[in-house]
Every structure is written in structure tokens, then in C-alpha cells.
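The values are calculated or read from the model by the stated rules, or taken from the named source; none is laboratory data. Being a predicted model, the structure only gives us computed values, none of them experimental. Please note: Cβ atoms are built from the backbone with ideal geometry, for glycine as well, and neighbour counts cover all protein chains shown. Accessible surface areas use protein heavy atoms only, side chains included; no ligands, DNA or RNA. Shrake-Rupley method; radii C 1.70, N 1.55, O 1.52, S 1.80 Å.
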Amino acid sequence: MKKQVVLYKKLSPTLMARLQAQAEVTLIDTLDSEGLARLRAALPRAHGLLGASLKLDAGLLDLAPDLQAIASVSVGVDNYDIDYLTERRILLSNTPDVLTETTADTGFALILATARRVVELANVVRAGEWTRNVGPAQFGTDVHGKTLGIIGMGRIGEALAQRGHFGFGMPVIYHSQTPKPAVEQRFDAQYRSLPHLLQEADFVCLTLPLTAATEGLIGAREFALMGPETIFINISRGKVVDEAAMIEALRDGQIRAAGLDVFEREPLNPDSPLLRLNNVVATPHIGSATHETREAMARCAVDNLLAALGGERPKNLVNVQAWKA
Ligand code: NAP
């Protein structure tokens, strides 16, 4: 008998056909209140789940007594209670690697957009207000040759370092849980403690996961260590940053600008003070959002789910303990 899979993210026709060849599929294509009610109704029969951007807490998963595997279409796994899943021996998989380069591109787009004030000045042109040559009041700051500070030297951090070092001649400094000798050698990068990195970097870029240890890692004290020329970039998760403290730092000129792809609450509230600050470039969590990369992520998630439901260890298993058990 085919396994039951609940999709809470739409797949391309090719991937849908592949999944349907091996499983009975229920698609929940929106996560509004009606979609969530349909999800709750489908969970009691589910052996597998595939999707993203939904907090799957015990309250929901207790409705799925036969659940064997969850394939997250993301690299970040902060939407899951990993201990709970492991206890229930539910295999959780994610989609690393296939999104690394695209997310690093997004990081660099934010670096360039904030430093050169691309959005702010493009809006001047769009509004028909470009009436004379720009002067110092509109000048930006250079990217090339400036110091790139990366917090979380993993896959995406390394891809950012590669762009900075080879593309823009930027000295690279980084902070991570463990030193990375191979990265140091490849990009001539140097390890720094967090306070030293914040003091020294021209661009402070967050590329670490949201965990109990990183939640609120960057707050008022950390912004105070940055300088008035520092540009802050967040492509990791909004909750790694104390957003209120960041808004204060941006308002007071404690830092120069921020490029933000992620926020404490998403979608960002239209009343957020961030939207009234000219020195903020905000994007709607588009780190991996290209046609090619989203398809590659979905393919990876389908592979992981089919492997898990077929009794094999998924390539990108997150909770290895659940497999061992
Ligand atoms: P990764 O390869 O696991 O890299 C994360 C790095 O963060 C690791 O090198 C780790 O250091 C470091 N780290 C973890 N906890 C830390 C801490 N407390 N202090 C300092 N460093 C710490 O993951 P990745 O593939 O690069 O992805 C990173 C994150 O980016 C994801 O978890 C996700 O939240 C986010 N992301 C966002 C988007 C977007 O759309 N904006 C897209 C993709 C990913 P060690 O290696 O030393 O343990």
C-alpha cells in the first residue's frame, strides 16, 4: 500500500508526478486558516510531510501518530522541535548545499544595495525627483577593499567569503563556534572573537542558524560595539537579532545601514519602523528564492522523503539519533 504524504508546499508538475508515483499525496497549497484546518484533518493519516515556513510543534504533530518523516524545504530547521521528533523517531531532513550560492548572492546584493544606497536612490529616480547631479549627500561608501565580517562560518558564510575575497578584494574576518583552518587558508581569513569582529568589520554579516544559543545574539551591547560606518547584514534568521535594539542603532546613527532579508516576525508588519528608515534595505526572505534554487531544494526534499519512507537513511538527515534508534 502506498504511503500517505501531506504536502504543504506546491511542487512543480515533474516533482509532483515523481512523488505521486510512490505515495498518495494530499496538497495543502495555502497556510491560511482554511489550509491549516485541512492540514489538521490530513495529519491523522500522514506517514510523511513535506513543506516549509510552518512551525510544526507538538500540538500539530501529536495529530499524526503514524508520521515517519518530515522533509523540510529549507536548510534552517528552527521550525522543528528536534528532541520531540527524535523521541518519536520521526526522521527530519533539510536541503543544505543546493541553496548556498544563491543565498550568498542575496547577501552580496544586500551589501551592495546598502553601501551604494541603491534602493533609496533608485526611488528618487522613479519618483521623477532626479533634477540635478548627485552630490555628497547622496554618496555611498565603497565595498571593495573593506573588511568583511562573517558571523557563522558555515556553507553560506564561506560562499560569502569567496565573493568578498576574490570578487571585491575584501579582507575577511569571521566568528564561528570552531576555527576553520581551510577557510583561513583559502580566503586569507582570520578568526576573531565576537566583540572584536563587531569592532573591526565594515560589513557585519550574519550567516548562522537560529538556535537556543544564537537567539538574541546581536542586541544593544553588540550594536554599541559597531561603529557609525558599520553596515549590518542579516540573511540568517530575524530572531538572532534584537530588532528593537537594531532600530535604535539605525535611528541614532550608531551604525550606518542595514540590509535585512529576515525579521523577528514574517511577513514584516507594515507598521514596522524599519520601513520608514532610509538606511534600511528590506527584502521579503528571498535568500534562496530563484526558480532554479527553489526547484533544486524541492527535488532534494522529495529525494529525502522518498528515501525515508522507503526505509533508507535520507541524504540530509538532521536528527541522526532518530535513525540510530
Ligand atoms: P551551516 O553550514 O550549518 O553554517 C552555520 C554556521 O554557523 C556553522 O559554521 C556554525 O559554526 C555557526 N554557528 C552555529 N552556532 C553558532 C554560534 N552560537 N556562534 C557562532 N557560530 C555559530 O548552515 P548554512 O547552510 O550556512 O545556513 C546558515 C543559516 O542561514 C541557516 O540555518 C538558515 O537559518 C539561514 N538561511 C537563510 C536563508 C534566507 O532565505 N535568508 C536561506 C538559507 C539559509 P561551526 O561550524 O563552528 O559549528
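Taking region 1-104 and the helices (runs of 4 or more DSSP H) fully enclosed by it, the elements with 3 or more residues that are surrounded by fewer than 18 Cβ atoms within 10 Å (Cβ to Cβ) and among the hydrophobic types (A, V, I, L, M, F, W, C) are at 13-22, 33-42. Restricting attention to region 300-325 and to residues that are open to solvent by 50 Å² or more (accessible area, probe 1.4 Å) and within 24 Å of Arg237 (Cβ to Cβ), the residue that is nearest to the ligand (Cβ to nearest atom) turns out to be Lys315.
Check Ala113, Ala137, Ala104 and return the single one that is in contact with a Lys or Arg (Cβ under 8 Å, 6 or more places away or on another chain) and of a type in the set (Gly, Ala, Ser). Before the answer, list the steps.
Numbers: Ala113 fails: in contact with a Lys or Arg (Cβ under 8 Å, 6 or more places away or on another chain); Ala137 fails: in contact with a Lys or Arg (Cβ under 8 Å, 6 or more places away or on another chain).
The conditions single out Ala104.
I'd like the residue in region 179-191 that is assigned to a loop (DSSP other than H, G, I, E, B) and open to solvent by 50 Å² or more (accessible area, probe 1.4 Å) and, out of all such residues, is farthest from the ligand (Cβ to nearest atom). The qualifying residue farthest from the ligand (Cβ to nearest atom) is Asp188. Taken together, the residues in region 286-306 that are in contact with a strand residue (DSSP E or B) (Cβ under 8 Å, 6 or more places away or on another chain) and hydrophobic (A, V, I, L, M, F, W, C) amount to 4.
Within region 141-169, being away from the ligand (no atom under 11 Å from the Cβ), more than 20 Å from Pro195 (Cα to Cα) and not β-branched (Val, Ile, Thr) holds for Asp142, His144, Gly145, Gln162, Arg163, Gly164, His165, Phe166, Gly167, Phe168, Gly169. Could you list, in sequence order, the residues of region 265-284 that are within 29 Å of Leu67 (Cα to Cα) and either within 13 Å of the ligand (Cβ to nearest atom) or open to solvent by less than 20 Å² (accessible area, probe 1.4 Å) (or both)? Within region 265-284, Glu266 is the sole residue that qualifies.
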